[in-house]
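Read through the structure below, which is laid out as structure tokens, and then see the notes.
The values are calculated or read from the model by the stated rules, or taken from the named source; none is laboratory data. Computed from a prediction, not measured in an experiment: that's the story for all the values here. As a convention, Cβ positions derive from the backbone with ideal geometry for all residues, glycine included, and neighbour counts pool all protein chains shown. All accessible areas refer to the heavy atoms of the entire protein, side chains included, with ligands and DNA or RNA removed. Shrake-Rupley method; radii C 1.70, N 1.55, O 1.52, S 1.80 Å.
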Amino acid sequence: MKILVANLGSTSFKYRLFDMESETQLARGGIDRIGGGESSCSVEIGAWSENRTAHVPDHAVAVQQCLAQLTDPEHGCLQSADEVAAIGFKAVHGGRVSGVQKVTPEVLEAMSEMSPVAPAHNPPYIKAMRLLGEKLPEIPLVAAFETGFHLTIPDRNRYYAIPKAWSDEYLIQRWGFHGASHRFIGVRSAELLGRDDLRVISCHLGGSSSLCAIRAGQSMATTMGMSPQTGLPQNNRVGDFDAYILPMLMEKTGKSLEEILAYLGSHGGLLGISGGVSGDMRDLEGAAAGGNADAQLALDVYISEIRRYLGGMLVELGGADAIIFTGGIGENGKEVRAAVCANLGELGIELDATKNDAVQGESAIHADGGRTQIWVIPTNEELIVARQTKQLLES
């Protein structure tokens, strides 16, 4: 069985193709500037790669372009597009619909209901899924929702302190996101450490970031709540924020609620607190090293928030057998990893500076004798989605 896993943006389509018999990646690629004059179409199949431009007016044509590359007579890895058993999507928020679902009008309607709290994610997925269903009906579409991994979170960690009727009627609760990444970390850490009863704190740190407390492979708590805008500061999203500030901002700025929320969702986070320096960790570290106080403040706030949530998850789990860093920052940010773990020896968390500096791929970076193992594990969200898609097709 071969599964195509899609990651969609409003004008982009990125994909990986997996052979699920061996769980090997056969190809990867992407198309940018969909709907523009000329789109950039890239593909990698083994040692061969190609970049071309083409007119790609919509996501259905993008998938057709992708399949054309994958079935290229000379370099392709498929004899026919019929070999693709399904397209799996790393869907974000379906509210009342979660887990792994075949894409149906009912699933799309549930996603649409959650668009107000996932405005950057749900609308482009809904539009593309609907289009693909109409133009490529022969290919099954499967949505693997990020919220699915967090369905095991107990109610005490799920409910907000609001009128319970609101929670139940309007589905206002801590749903959690980055589910595919945290699920992968739960599975892979159990394989590496040879135990299925681990207490793991998964630190997915990147353009968007979240922590997850995992016990025996199940999510117990996570930092993101009702929307992907919450929890830790993101690159340009605000993270946790006191709701009572909103009416004051509306009065002071003369902006509508929609304008305030849009601004917080695009000019907040690390970009905002740094005074507009950047939302990119690499830029911030460079600016801070050059003496920029606002860039340093953004770094300090980010680290402080990670440590605050880390402490709560240590209490939730009663300690941790492993702390795992993943995501773009988690895998590449040695300074961030060191700062998060600094001065935690009393809690059994001791990072080895030499190992931390020498990370390449999967790496253990804890000091010898430390009670809590510390690892860097590159995540593989696409493989998780492919596995989930395969399981649904076979059920």
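Residues that are over 30 Å from residue 212 (Cα atoms), out of contact with any helix residue (DSSP H, G or I) (no Cβ under 6 Å at 6 or more places or on another chain) and hydroxyl-bearing (Ser, Thr, Tyr) number at least 3 in the following strands (runs of 3 or more DSSP E) confined to segment 29-146: 39-45.
Looking across segment 43-62, just one residue is open to solvent by 40 Å² or more (accessible area, probe 1.4 Å) and under 17 Å from residue 6 (Cβ atoms), and that is 44. A residue that is closer than 26 Å to residue 126 by Cβ, open to solvent by 60 Å² or more (accessible area, probe 1.4 Å) and basic (Lys, Arg) can be found somewhere in segment 25-36.
Do we have residue 315 as among the β-branched types (Val, Ile, Thr) and within 24 Å of residue 234 (Cβ to Cβ) here? Taking the combined requirement at face value, the residue does not satisfy it.
If only residues of segment 274-310 that are among the hydroxyl-bearing types (Ser, Thr, Tyr) and assigned to a helix (DSSP H, G or I) are counted, the one that is least open to solvent (accessible area, probe 1.4 Å) is 302. Close Cβ contacts (under 6 Å, 6 or more residues apart or on different chains) running from residues in segment 166-193 that are part of a helix (DSSP H, G or I) to residues that are open to solvent by less than 10 Å² (accessible area, probe 1.4 Å) and among the small types (Gly, Ala, Ser) comprise 182/202; 185/202; 189/322. When every residue of segment 335-342 is checked against the conditions, none turns out to be part of a helix (DSSP H, G or I), in contact (Cβ under 8 Å) with a residue 12 or more places away in the chain, open to solvent by 60 Å² or more (accessible area, probe 1.4 Å) and touching a Lys or Arg at 6+ places or on another chain (Cβ under 8 Å).
To keep it simple, each residue is scored yes or no on (1) aromatic (Phe, Trp, Tyr); (2) farther than 24 Å from residue 288 by Cα; (3) modelled with pLDDT of 95 or more.
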position: 238; (1), (2), (3): no, no, no
position: 244; (1), (2), (3): yes, yes, yes
position: 247; (1), (2), (3): no, yes, yes
position: 252; (1), (2), (3): no, yes, yes
position: 260; (1), (2), (3): no, yes, yes
position: 264; (1), (2), (3): no, no, no
position: 270; (1), (2), (3): no, no, yes
position: 273; (1), (2), (3): no, no, yes
